[in-house]
Structures are given as structure tokens and as C-alpha cells.
Amino acid sequence: MLLALTSLGFASTIELNQPFTPAGQNYSITALQNLTPLTLDGGTPVGANPNVNYEFQGGFGVRYTNAHGQLTDFGIGLYDSGCAPGIQAASTGLNIAFDHLVCSNGLSATLGDFNLNECSTDFNTGRVAPTVSIYGTGGFLLGNFSAAQILADNALSLLTSNDPIAQTDLWKLNLGALVGPNVHVSGFTLAADLQNGGGNQMVVNSVPYFLVSVSGCECAPIPEPGSAFLILSAGLGCLIITRRRNRTLPSAN
């Protein structure tokens, strides 16, 4: 029975450390609350931590502290951060920080639980739509991308259609399609948009979505500028030493 429930996505929610680093991966996950949707200002990790398996088997979500001081398991979605419901909509979110700069080529995140299929042309009005902020060298903001922009740039593609039993669907969010190729990326933040791609207002409290994984890059990791200078200096030093040695070798004649 336990195996059957687990396969259907009913495994118990597991609370994770803040920040959380998946085994063998080159990034960490930090949960955020009180994010302003789209611009993603005002977010704080205080009072939040990542969770996994909440309403979505294998999906990372957020446990946040509500306005009444209660810990609340959730995914990535909209909620009322004020004491009076409907007054102040905020978003939970997950920040992904890489151990080193990576290339945007092939960089993507697998997201789940939008309740969509291959025939969908917009986000479900009864569920939340994603927004993402992407950061470059030194944490410089490369851009905030709304659900409408994600759809317009064809940055979301179907991996697995909605399963009527497990109620799961998986989507690939192509970060390279948003910021362009060969861009240095230090991390990104996933949150919920106030509107779906068609401009419809999302509901609070929303049905959240979840982060499943982050892809590896198709190019080699990019060293930080300081490291790149050291590598270049070392290379030039070896070249100079090699030339000096060649000059001291006796002539073959």
C-alpha cells in the first residue's frame, strides 16, 4: 500500500535544510517568501525552507511562515502575506545559486504540476503561472520574465503530459531561450506570476507548481573572472618557460 501511494504522489512531505544542495549537483536551493510577483523584490529566506513531495512526488516546494506565524507547506505560488485576506498578494519562490558561473546554452529547469497537456496554448486559469528572474556575473540581474514572455519566447516545452491518475505534468523551462546563447549565469529565482500568459488574473491562494530539477549545461563551466585571469597568467607563464627552454637546447646540426 505504501509503495502504491508513493507512486501516486502521496508520499509524506519532507522538510529540507535551508539552503539545500541536491546530491551530486552544482547548485543549491534556497526557499523565499514575501516575493513581489514579477519583479521578485522583497523576498526573504527568513521563516522559509525548501520541502519535497508536497502534493507532487519528487517536486521541490516552499514551507513559509504566514501572517499569523504559522508554518505552511506549499509549492511555488501566490498567497496572502497580509493579515487581511485579499489585501496583499505575495509569492513563495526558490532561488537556484550555482557553485560557479555556467553557460546559458542548454541551461533549463524542469517544472511540474501546471495541469496542462500538449493541446494547451496558455496556462490554466485555476492554477498559478511561473515567472523567473535570471542573474549573471556578480548577481547582476539579466532580466525578469513573466509568464507571457515565457510563452512568447517559446521557452516552455512539454516533457510529460498530464497523467489523469498521478495528476502530474512536466515541462522544460529553457533559460537560454530567455537570456540568449553564451551568457554567463550565476543563478535564477522561480516564483509565481500575478497573471497567466493570456493576461488573466491569478487567484490567491493559488494552486502552486514545483521545481523538479535543473539541467546541466552543454558547455564547460565558466570560471569566475579572477580565476580566468589566473588561468591565463599560468598559461602565458608556461609558454614563456617553454620558449626559453627551446632556446637553450643544443642545435641538431
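Bear in mind these aren't lab numbers, they're just calculated from the coordinates by the rules spelled out. Since the model is a prediction, treat every value here as computed from it, not as a measurement. Neighbour counts are summed over all protein chains in view; Cβ atoms, including those assigned to glycine, are modelled from backbone coordinates with ideal geometry.
Annotations
- For GLY75, neighbours were defined as the other residues whose beta-carbon sits under 12 Å from its Cβ, and their charges (Lys and Arg +1, Asp and Glu -1) total -1.
- Each Lys or Arg adds one and each Asp or Glu subtracts one; over the other residues with Cβ under 12 Å from the Cβ of TYR54, this totals -3.
- Derived scalar couplings between HN and Hα for segment 186-203 equal 9, x, 7, 10, 9, 8, 10, 8, 6, 10, 8, x, x, x, 6, 5, 7, 9 Hz in order, rounded to whole Hz, by the Karplus curve 6.51 cos²θ - 1.76 cosθ + 1.60 (θ = phi - 60°), x for Gly and Pro.
- Neighbourhood net charge (15 Å Cβ-Cβ; Lys/Arg +1, Asp/Glu -1) for GLY143: -3
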